[in-house]
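Below is one structure, written out as structure tokens; comments come after it.
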Amino acid sequence: MSGTETAKIEVWWDMNDCPIPEGYDARRVRPSMERAFEKIGYTGPVSITAYGDQTKTPDHHLLALSSTGVAVVHTIAESTRSVMYRDMVEWRGQNPPPATMMIISDQVEGDFSWDLARLQQRNRYDLFQANSMKSRDDLLLVYYANWRWEQLLEEGGAPPPVANGLSSAAMFYCKSCNFDCQSLNKFRKHLSSYKHGMEVRKQSILSLSQILLFHNLSNKLFCQAQEAINPPDTRLSCVTKRWARNYPATPEHATAKIHVLWDMNDCPIPEGYDARRVRPSIERAFKEIGYSGPVSITAFADQKQTPVHHLLALSSTGVDFSHTLPWVHYSRMITDFEKWTKNNPAPASIMIISDEVASSKYRSTLICRKLQKSNYNCFLAYSVRPFEMPVLVTSAEWLWDNLLAVSETKRNILHKCSESESERVAASTGMFCCTLCLCDCKSLDDFNKHLSRVHYSRMITDFEKWTKNNPAPASIMIISDEVASSKYRSTYICGKLQESNYNCFLAYSVRPFEMPVLVTSAEWLWDNLLAGRISSQDQTYEESSPEGVFSPEIITFY
Ligand SMILES: [Zn+2]
Ligand SMILES: [Zn+2]
């Protein structure tokens, strides 16, 4: 961000969304903004362009704005947003960072923020925003500052006493006709001219025909039809949609670290595939496009479901494991990503192997924001090509199956040139991490032991917490074969039942071989319980304490 504080600040202002309030002196707009920017340390020269239907803006406002060097642009209401965006993109092309962009609008969400977020991942400007609505925050874009429009207007003091020579710079533009002039009189004359009227009518007819087409045609036909017609200003054009998906490595990224987050659920190891080939395949794919930095890989899954031979094969090639459960899967990947970026400042690369992240704007928001802030490079892999273009700007994307096949086709070359690689890999075997309790295990054995223990201990922790907040009388129900059949597993609960007047129920899928140490008021076979049947063999007791029976709060553990 060095240098941005004194760099130029360009302001795009939608006067329809954020109007000049009744009775407000429009000459105060510029000094208010400049004061607000100064307060947060931005002192660069400010240029402001005001967009809107200027036939509706009173003369004294237009004169006041132009006397303070604010450029005034006439647009028809439906096209303000797209014209503003087009000007913004053009400006970016002519003004490389460092610089600051300020957007004053209520309509930034949707394709506007999608496209701008992608632009920001390639060329990073400091972004400011002001809006007038009770803000629905746009989470996709990273803003360096945010203002309520009404507050922003009150930042400055009095208007400048005399027109300070800026008036010569202020211009009036008509975007419908590509007309510009420097005098309000000429501008007014133009806006009421026959030529201008015809131009606006032509554009309204075009946009109306688009609406009709939209109603009558399927989406695909609609797009073709839209291209056939010279598109009017109303449609926002996403410039990044034409971007390619493959870029060669820049010098700063070519040898930088690469961290791989691998969702094993979305992109599993195929039947019969040697898991030891996963790492060389990924590394080979990187090398082919010029990336040769050290690669770290973390595999996310419910590792209880991963076959042991896969765990062994992957860990022998230095792949780390994270044990997660489906409902926390994604958030654990993000946590890992955040931790990694903290320890590995840009430039560096991140690879996401996940269908969900690739296809969901919502899922990739946090990564998208990080890429806007720092010069990280991004790769994607997925088992199914996403239906829409991801919001993440990538330097390369792969289909998972193709990626895994890389080492096979290049096997001979790989053998020749990767001796040092295999040595390095052999020296570093993977770590096993349980992200549920944030514990690391050094060996697969320890990891497996941990996974079998963890379930039970978490149930106990939960039980303890619950009893703290819910003193007896109350009832507890345990649905677990392990607790029902193991004296060891039920010791803690047994102790609690002896201390206090808790009532206990049990359910299990298999009737325990021995009578449980827990004294219960009722027991069920899980299948019967689900079916609503109580067989004669299910033991129920009548003598449970009245408090227990009528206790309104019953908690159930699975
Ligand atoms: Zn015009
Ligand atoms: Zn754990």
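A few notes on this one:
- Unmet requirement for L506, which otherwise passes all of (1) modelled with pLDDT of 85 or more; (2) open to solvent by 30 Å² or more (accessible area, probe 1.4 Å); (3) outside any helix (DSSP H, G or I): (2)
- Within segment 233-292, the residues that satisfy the criterion of being among the acidic types (D, E) and either surrounded by 14 or more Cβ atoms within 10 Å (Cβ to Cβ) or part of a loop (DSSP other than H, G, I, E, B) (or both) are D233, D263, D266, E271, D274, E283.
Conditions tested, residue by residue: (1) modelled with pLDDT of 70 or more; (2) surrounded by fewer than 13 Cβ atoms within 10 Å (Cβ to Cβ); (3) not assigned by TED's automatic domain parsing to the domain that holds T365.
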| residue | (1), (2), (3) |
| --- | --- |
| R385 | yes, yes, no |
| E388 | yes, yes, no |
| V393 | yes, no, no |
| A396 | yes, no, no |
| W400 | yes, no, no |
| K410 | no, no, no |
| E423 | no, yes, no |
| I460 | yes, no, yes |
| N470 | yes, no, yes |
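- Selection count where residues are surrounded by 18 or more Cβ atoms within 10 Å (Cβ to Cβ) and not in a loop (DSSP other than H, G, I, E, B), scope segment 1-40: 17
- Cross-chain or 6+ apart pairs with Cβ under 7 Å, segment 70-88 first and at positive phi, then basic (K, R): none
- Residues in segment 369-380 that are surrounded by 18 or more Cβ atoms within 10 Å (Cβ to Cβ) and under 12 Å from I350 (Cβ atoms): K370, L371, Y376, N377, C378, F379, L380.
Table: residues versus (1) among the aliphatic types (A, V, I, L, M); (2) open to solvent by 20 Å² or more (accessible area, probe 1.4 Å).
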| residue | (1), (2) |
| --- | --- |
| Q303 | no, no |
| L312 | yes, yes |
| S315 | no, no |
| S322 | no, no |
| K339 | no, yes |
| N343 | no, yes |
| A348 | yes, no |
| S359 | no, yes |
| Y362 | no, yes |
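- In segment 425-458, the residue that is modelled with the highest pLDDT out of those that are among the polar types (S, T, N, Q) and part of a helix (DSSP H, G or I) is N448.
- Residue identified as at pLDDT 95 or above and either open to solvent by less than 40 Å² (accessible area, probe 1.4 Å) or part of a helix (DSSP H, G or I) (or both) among V89, V108: V89
- Output for segment 170-195, where each listed residue is more than 12 Å from ligand 1 (Cβ to nearest atom), exposed (fewer than 12 other Cβ atoms within 10 Å of the Cβ) and part of a loop (DSSP other than H, G, I, E, B): S183
- Selected residue (only one of T49, T43 is in a loop (DSSP other than H, G, I, E, B) and either β-branched (V, I, T) or open to solvent by less than 20 Å² (accessible area, probe 1.4 Å) (or both)): T43
- Listed by position, the helices (runs of 4 or more DSSP H) inside segment 305-403 whose residues that are farther than 15 Å from D263 by Cβ number at least 1 are 308-316, 329-343, 361-373.
The values are calculated or read from the model by the stated rules, or taken from the named source; none is laboratory data. These figures come from a predicted structure and were not determined experimentally. Cβ atoms come from the backbone with ideal geometry, glycine included; neighbour counts cover every protein chain shown. To get the accessible areas, we keep the full protein, side chains included, count just its heavy atoms, and leave off ligands, DNA and RNA. Shrake-Rupley method; radii C 1.70, N 1.55, O 1.52, S 1.80 Å.
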